[in-house]
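K.L.:
Sharing a structure, written as C-alpha cells. Questions coming.
The values are calculated or read from the model by the stated rules, or taken from the named source; none is laboratory data. Remember, it's a predicted structure, so these values are computed and weren't measured experimentally. Quick reminder, even Gly has a Cβ in these numbers, built from the backbone with ideal geometry, and neighbours come from all protein chains shown.
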Amino acid sequence: MPKHHQFVHFSVFGVKPRAKSESWSCIDGITREGARAPGATRHLKYPAAPTILFGVSPLAAGAVASERAAKAVDTKGRKLRNDGAALLAAVASYPVPRADVEAHDHPHERDHYLAWRADAVVWFQERFASTLLTIVEHTDEDYLHLHAYAVPDLGADKRLNWAAIHPGRAALLAAEANGADKAALRAAYVGGMRELQDHFHAAVSAKHGHARLGPRRQRLDRTTHLLRRDAERKQAEHDRDYAEKRARMRDEVKAQVTDKFGRVLAEARLDALSLAAARVADAARIAELVAQNERLMEQMRELVGEPPAPGC
C-alpha cells in the first residue's frame with residue numbers, strides 16, 4: 001500500500017464571508033493569503049513570497065472575481081448576494097513533508113516533487129481551461145502545495161457558469177433540473193466531488209505512487225460535513241423529543257401516584273383522627289364513671305359510718 005495519500009480540495013468564495021464564517025473567508029481574504037500579503041498569514045511566523053507558476057497574481061484574480069460578481073445575478077435573476085460564490089480556489093498538496101523534499105540525504109525526492117508539480121499544473125489547466133487565472137506554489141508550510149484560482153464565465157443571462165468548472169455544482173444543478181429533493185441534491189454534490197478526487201488520482205497521484213485515500217482517514221468536503229451534521233441534528237432532535245416525552249410521562253405518572261397517595265394518606269389521617277377522637281371520648285366517659293363511683297362510695301361511707309377495724 002502506498003505510504004502517502006493525495007490531498008486536493010475545491011472551495012468557493014464571495015465578496016463577503018458567509019454567515020458564521022471566518023472574516024478571511026471571502027475573495028479578498030483568500031487571495032491575500034495566497035499572495036502572502038502583509039497581515040494575511042497569521043498562521044505563519046515566517047511567510048515566504050509565493051512562486052507564480054501560471055497566470056497573474058492571486059490579488060489580480062481576486063479583483064477579476066469581485067468585478068464579475070458585481071455584474072452577476074442569481075438563479076432567480078436577482079443581483080448576486082455579497083456572499084454569493086464568484087471565485088473558485090483549489091489546493092493540491094504534495095503528501096511528502098517539505099523537510100524530506102528539501103533534505104540533502106533525499107536527493108531524488110526533489111525531482112519527484114517537481115514531476116508531481118508539473119502534472120498537477122497540467123491537471124489544473126485542463127480542469128479550468130480559460131477560467132484559470134492563477135497557480136501559485138507555497139513553500140513556507142510543512143507540506144509543499146499549489147493554489148489555483150478560477151473565475152467562472154459570465155453567460156448572456158449574467159449567471160456565472162459554475163457547471164463548467166465545478167463538478168459538485170454541475171452534478172447539483174443537473175439533479176435540481178430533474179426535480180431532486182434536498183437529500184438527493186446533496187448526494188449528487190458529494191458524488192460530483194468524489195469523481196473529482198478519482199480524476200485527480202488517475203491523472204496525477206497514481207503516477208507518483210500516492211494513494212486515493214488514507215487507510216484510516218477520509219477527507220470530507222463541506223457538503224459531506226453538512227450531511228453528517230443533518231443526520232446528527234435529526235438524531236439529537238429525536239433524542240430530545242424522546243427525552244421530553246419520557247419526562248412528561250414520568251411527571252404524569254408521578255402526579256397520579258402523588259394524588260392517589262395523597263388521597264390514601266388523607267383518608268388514613270381522617271381514620272386515625274376519628275379513632276383518636278373516639279378513644280378520647282371513651283377515656284373521658286370512663287373517667288366520668290369512675291368519678292361517679294367514687295362519689296357514691298363516699299356517700300355510702302357517710303351513711304353507714306366507717307367499718308370497724310379488724311379484731312374489735
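K.L.:
Checking the conditions here, which among E141, E102 is touching a residue at least 24 places away in the same chain (Cβ under 8 Å) and surrounded by fewer than 17 Cβ atoms within 10 Å (Cβ to Cβ)?
P.N.:
Step by step, each of E141, E102 is checked, and only E141 is touching a residue at least 24 places away in the same chain (Cβ under 8 Å) and surrounded by fewer than 17 Cβ atoms within 10 Å (Cβ to Cβ).
K.L.:
Residues of the range 187-206 being surrounded by fewer than 19 Cβ atoms within 10 Å (Cβ to Cβ) and farther than 30 Å from Y94 by Cβ, which ones?
P.N.:
Listed by number, the list holds a single entry, A187.
K.L.:
(1) crowded, with 17+ Cβ neighbours inside 10 Å; (2) out of contact with any Leu (no Cβ under 8 Å at 6 or more places or on another chain); (3) more than 21 Å from A164 (Cα to Cα): which one isn't true of A89, the others all being true?
P.N.:
Among (1) crowded, with 17+ Cβ neighbours inside 10 Å; (2) out of contact with any Leu (no Cβ under 8 Å at 6 or more places or on another chain); (3) more than 21 Å from A164 (Cα to Cα), the lone unmet condition for A89 is (3).
K.L.:
Based on this model, can you work out whether P97 counts as over 27 Å from the mean Cα position of the chain (by Cα), crowded, with 17+ Cβ neighbours inside 10 Å and in contact (Cβ under 8 Å) with a residue 12 or more places away in the chain?
P.N.:
Details: over 27 Å from the mean Cα position of the chain (by Cα): yes; crowded, with 17+ Cβ neighbours inside 10 Å: no; in contact (Cβ under 8 Å) with a residue 12 or more places away in the chain: yes.
In short, no.
K.L.:
Based on what the data block shows, is G179 more than 30 Å from P47 (Cα to Cα), touching a Gly at 6+ places or on another chain (Cβ under 6 Å) and either small (G, A, S) or at pLDDT below 95 (or both)? Give the steps one after another, and end with the answer.
P.N.:
On the way: more than 30 Å from P47 (Cα to Cα): yes; touching a Gly at 6+ places or on another chain (Cβ under 6 Å): no; either small (G, A, S) or at pLDDT below 95 (or both): yes.
Criteria not met by G179.
K.L.:
Next up: Among the residues of the range 6-32, what is the count of those that are basic (K, R) and either surrounded by 21 or more Cβ atoms within 10 Å (Cβ to Cβ) or at positive phi (or both)?
P.N.:
1
K.L.:
Another question, then. Output the number of residues of the range 60-77 satisfying the condition of being modelled with pLDDT of 95 or more and assigned to a loop (DSSP other than H, G, I, E, B).
P.N.:
Number of matching residues: 1.
K.L.:
Can you pull out the residues in the range 97-134 that are at pLDDT 95 or above, over 30 Å from L154 (Cα atoms) and outside any helix (DSSP H, G or I)?
P.N.:
none
K.L.:
For the range 33-59, give me the residue count where each residue is surrounded by fewer than 16 Cβ atoms within 10 Å (Cβ to Cβ) and either among the small types (G, A, S) or assigned to a loop (DSSP other than H, G, I, E, B) (or both).
P.N.:
Counting residues in the range 33-59 that are surrounded by fewer than 16 Cβ atoms within 10 Å (Cβ to Cβ) and either among the small types (G, A, S) or assigned to a loop (DSSP other than H, G, I, E, B) (or both) gives 10.
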